[in-house]
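Chemist: Sharing a structure with you now.
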């Protein structure tokens, strides 16, 4: 289990960047509370989640990532059971049942599913790298994604299903997918989006309609939130209004400011400088993951590091894009910055897997 373990090969730059992002996130969550007693406990909870995540990161780094190969059916089965249990028993919030509660702990299995899917796909492509990369290869790989994603879609949680699809197609391409299939996926995705739109949940349709045909006089819903986010970003200027001094944030005009729109709160209080700091920090974390992927001793290690990098990039890009109103509201958190226990712990677990690859890299 701990074969090849050596702390000297740990990527301390990656670990340090993740810790800086988490600390900055806690600081911004504290500001975003803005005197609201209902979300005030979010600060201490995020700190607790950060320590739990650090433990998960170090444990995952110490365990040889090849160990998960032998446990792939177990991890798949546990994830499936959690998703089915979530679908059957969870409470609906904002139109979707995305977590269940045990005491004061909220568990969101969807976040863990992203990491599990990366592991399962990395294992599958490692074991099938010498096989023809045709339709059968693609179809078999889709089993590990679709069989889990369907339970997420039923919540309904379309945005995270899209995340899983992006991870799957990206790892397919990195494993040798022919360009003709990649083009087919792109065309099929556009057609599917058009055909499926009438069958989406009303709140999902409304998000797209609000984006395409925004109502500037809206006083509620996604349009209102996006407008307030744009005001917050624009009013921040170059250096911002100062920590805990942003009017849109502190007067609570900006909703879900500690989760989906924490980037806007940062832009208001720290301006363009603060916004670029977040983007560069996430970019550096992604770069370190890709560096580990380049030095990985085998395909499985490379795909694990690539998968985590893709996950962080895509979720970060979508979250910032929503805040800037260049894509419809998606409900994806800003990695390491937004409040959310399951999301933070799962991402840190993913970073731990990347560190496991770094530690066992043949070139250190």
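Chemist: What is the fewest-to-most order of 163, 145 by other Cβ atoms lying within 10 Å of their Cβ?
Modeler: 145, 163
Chemist: log10 I(q)/I(0), Debye, Cα-only region 133-173, no solvent, q = 0.29 Å⁻¹?
Modeler: Reported log10 I(q)/I(0), two decimals: -0.97.
Chemist: Still on this structure, I have one more. Where does each of 223, 113 land when they are ranked from fewest to most other beta-carbon atoms within 10 angstrom?
Modeler: Ranked by crowding around the Cβ, least crowded first: 223, 113.
Chemist: Between residue 192 and residue 75, what FRET efficiency follows from the Cβ-Cβ distance if R0 is 35 Å, with the result rounded to 0.05?
Modeler: In this case the efficiency is close to 0.75.
Chemist: Return 37, 126, 268, 140 ranked ascending by Cβ neighbour count within 10 Å, so the fewest neighbours appear first.
Modeler: Fewest to most other Cβ atoms nearby, the residues stand as 37, 140, 126, 268.
Chemist: Treating region 259-364 as a set of equal point scatterers at the Cα positions, no solvent, please give the Debye-formula log₁₀ I(q)/I(0) at q = 0.12, 0.19 Å⁻¹.
Modeler: -0.44, -0.91
Chemist: Here's something else I'd like to know. Test of understanding: express the Cα radius of gyration of the chain as a ratio to 2.2 N^0.38 Å, with N the residue count.
Modeler: For the chain, the normalised Cα radius of gyration is 0.98.
Chemist: What is the chain's relative contact order, in percent, from Cα pairs under 8 angstrom and six or more apart in sequence?
Modeler: The normalised contact order for the chain reaches 30 percent.
Chemist: If N is the number of residues in region 275-314, what value comes out of its Cα radius of gyration divided by 2.2 N^0.38 Å?
Modeler: So the Cα radius of gyration is 1.21 times the expected 2.2 N^0.38 Å.
Chemist: Can you show me the helix-derived [θ] at 222 nm for the chain, built from DSSP H runs with n ≥ 4 at -39,500 (n - 2.57) apiece and divided by the number of residues, rounded to the nearest 500.
Modeler: It comes out at -23000 deg cm²/dmol, rounded to the nearest 500.
Chemist: Still on this structure, please answer the following. Using a 7 Å offset from the Cα along the Cα-to-Cβ direction at both residue 140 and residue 153, what is the distance between the two label points in nm, to one decimal?
Modeler: 2.3
Chemist: What ranking, highest mean first, results for peptides 197-207, 239-249, 281-291 when packing means the other Cβ atoms within 10 Å averaged over each residue?
Modeler: So the order, starting with the most tightly packed, is 281-291, 239-249, 197-207.
Chemist: Grab the beta carbon distance between residue 19 and residue 179, set R0 = 51 Å, and tell me the FRET efficiency rounded to 0.05.
Modeler: Computed FRET efficiency for residue 19 and residue 179: 0.80.
Chemist: How far is it, in nm, from the label point at residue 199 to the one at residue 40 when both lie 7 Å from their Cα along the line to the Cβ?
Modeler: 4.7
Read-outs throughout are calculated quantities, based only on the coordinates presented, and are distinct from any laboratory measurement. This structure is a prediction, so every number in the text was calculated from the model and none was measured. Because the Cβ atoms are built from the backbone with ideal geometry, glycine has one as well, and the counts that use them run over all protein chains shown.
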